[in-house]
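Structure first, then comments.
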């Protein structure tokens, strides 16, 4: 398969794996947040990486450059690939950090309890309708951006 100009190959194998026994017997609760990525019930706090927030100006600049190009021209396609690569890089930073955090938590605790958050409902727009316009739309859009930047 191809993604952002890079080719990937998938290989499937079959092997037997024994049932793992966790060395720890501790149990911990996890609370996901915006200011702190995750807070464990034992007091451990994981800071957010905010990969999109740190790179927010670059996609906007690249997107403005794209809007000035003739649609589907070679330069438009090159610019589109640049934007795709940047978004892929941001996603890779987020994925790597989340993988490291979850690995740390799962290696140190046998049981992890997480609250059942409805992220799609939490990140819905507050714009409302014509008959019932929304309130605090700008603040809500900033919160939505932060929620999605955490990669819950």
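Rule-based calculations on the coordinates, nothing more; no lab input. Note that the coordinates shown come from a computational prediction; the quantities given were computed from them, not determined experimentally. Because the Cβ atoms are built from the backbone with ideal geometry, glycine has one as well, and the counts that use them run over all protein chains shown.
Please order 8, 97 by the number of other Cβ within 10 Å, starting at the fewest. Neighbour counts put them in this order, fewest first: 8, 97.
Taking the Cα centroid of the range 94-141 and of the range 38-79, what is the distance between the two, rounded to the nearest whole Å? The two parts, judged by their Cα centres, are 18 Å apart.
Listed highest first by mean packing, meaning other Cβ atoms within 10 Å per residue, what order do 10-22, 111-123 come in? Don't jump to the answer; show the numbers that get you there.
On the way: 10-22: 5.2, 111-123: 10.7.
In decreasing order of mean packing, 10-22, 111-123 become 111-123, 10-22.
Note on residue 152 and residue 139: the extension gain reaches 2.7 nm, defined as 0.36 nm multiplied by sequence separation minus the Cα-Cα distance.
Calculated FRET efficiency, residue 107 to residue 18, Cβ-Cβ distance, R0 = 22 Å: about 0.80 to the nearest 0.05.
Build a GNM of the chain with springs between Cα atoms under 10 Å apart, and of 128, 33, 142 the one that fluctuates most is 128.
In the list [x] 1.04; [y] 1.29; [z] 1.38, the label attached to Cα Rg over 2.2 N^0.38 Å as derived from the coordinates here is [z].
What is the distance, in nm, between label points placed 7 Å from the Cα along the Cα-to-Cβ direction at residue 31 and at residue 78? In this crude label model, residue 31 to residue 78 measures out at 5.1 nm. For the pair residue 64 and residue 116, the difference between a 0.36 nm per residue extended length and the Cα-Cα distance amounts to 14.9 nm. Helix 57-67 axis versus longest C-alpha principal axis of the chain: approximately 40°, rounded to the nearest ten. For the chain, the longest principal axis of the Cα atoms and the long axis of helix 137-150 meet at an angle of about 50 degrees.
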